[in-house]
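The next block holds one structure in the form of structure tokens; read it before the comments.
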Amino acid sequence: MIKFDLSNRVAVITGGAQGFGFAIAERFIQSGAKVIIWDIDEQEAKKAVEKINSENISYKIVNVCNFEEISKSLKDIETEHNKIDIFVNNAGITGMNKTVAEYPIEEWEKVIQLNLNAVFYCCKAVVPYLEKNNYGRIVNIASIAGKEGNPNAGAYSTSKAGVIGLTKSLGKELALKNIAVNCVTPAAAKTRIFDQMTEEHINYMLSKIPRNKFAKVNELASLVTYLASEENSFATAAVFDLSGGRATY
């Protein structure tokens, strides 16, 4: 395993108790970072911290759809650690598998709120801390669905397309500072998010991947760790595919 150096870096990972977020947290710890998991499921957050078993990992229960909660938690983290270096926007949901015509408005708003608005809230809140220290790495977890659009997943596809646009905009705003903002667009991986999807939709996603297999969480964690490292001093406002050959642009 290639080890990227995150020594003395303070990192926040939203939705860090499970799936991609947990894999990223584990890799960050192995790379020397101090990691704070943000999640709304305290039971799973406790399990994650216990499983990683490091003095450098902790968790906070934060609703990333609430800007005031985000702001307060960031302030607390800076007070405790004196800085914030890395922020990973990973929390998200798939939403229902329905056509646009059938999609409930309440469900649409729920998906957009967590998958897109929350990413904006977190970026808005954390950027001043990164600017203050003249260093920062933001990595947003989007999806190949945000580039190509999956049928019967209009809210999810739209929210992830929005994350890509936000990443490009913010990355350009901060390009002359020592702050990189990038996003990763993975194809599907076998995590608990599959529990939110129909079998038909899962099979559809697999059929679109030329490698004919799903992504592995450790593969995404490796890419995110590089993007979060000081070694990545040039790439910003960029989209990194992890799609098994599915991406066509």
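The values are calculated or read from the model by the stated rules, or taken from the named source; none is laboratory data. Because the structure is predicted, anything quoted here is derived from the model rather than measured. Ideal geometry is used to build each Cβ from the backbone, glycine not excepted, and the neighbour counts take in all protein chains shown.
If a residue must be more than 17 Å from residue 127 (Cβ to Cβ), in contact (Cβ under 8 Å) with a residue 60 or more places away in the chain and among the acidic types (Asp, Glu), how many such residues does the stretch 42-93 contain?
Residues flagged as more than 17 Å from residue 127 (Cβ to Cβ), in contact (Cβ under 8 Å) with a residue 60 or more places away in the chain and among the acidic types (Asp, Glu) within the stretch 42-93 amount to 0.
Consider residue 131 against the criteria (1) in contact with a helix residue (DSSP H, G or I) (Cβ under 6 Å, 6 or more places away or on another chain); (2) of a type outside the set (Gly, Ala, Ser); (3) in a helix (DSSP H, G or I); (4) more than 19 Å from residue 97 (Cα to Cα): it satisfies all of them except one. Which criterion is unmet?
Answer for residue 131: the failing condition is (1).
Residues in the stretch 136-143: is at least one surrounded by fewer than 23 Cβ atoms within 10 Å (Cβ to Cβ) and either in a helix (DSSP H, G or I) or more than 13 Å from the chain's Cα centre (by Cα) (or both)?
no
Output the number of residues of the stretch 161-201 satisfying the condition of being at pLDDT below 95 and either aromatic (Phe, Trp, Tyr) or part of a helix (DSSP H, G or I) (or both).
8
Kindly list, by first and then second residue, each pair from a residue in the stretch 144-159 that is without any contact (Cβ under 8 Å) to a residue 40 or more places away in the chain to a residue that is buried (at least 23 other Cβ atoms within 10 Å of the Cβ) and of a type outside the set (A, V, I, L, M, F, W, C), limited to pairs with Cβ atoms under 8 Å and residues at least 6 apart or on different chains.
Matching pairs, first to second residue: 145/156; 145/160; 146/159; 146/160; 146/185; 157/143; 157/146.
Please verify whether the stretch 91-103 includes one or more residues that are of a type outside the set (S, T, N, Q) and not in a loop (DSSP other than H, G, I, E, B).
Taking every residue of the stretch 91-103 in turn, none turns out to be of a type outside the set (S, T, N, Q) and not in a loop (DSSP other than H, G, I, E, B).
Identify the residue in the stretch 202-217 that is more than 15 Å from the chain's Cα centre (by Cα) and of a type in the set (Val, Ile, Thr) and, among all such residues, is modelled with the highest pLDDT.
The extreme case among them is 209.
What pairs can you find where one residue is in the stretch 230-249 and within 20 Å of residue 163 (Cα to Cα), the other is modelled with pLDDT of 95 or more and hydroxyl-bearing (Ser, Thr, Tyr), and their Cβ atoms are less than 6 Å apart, with a gap of 6+ or different chains?
239/185; 241/185
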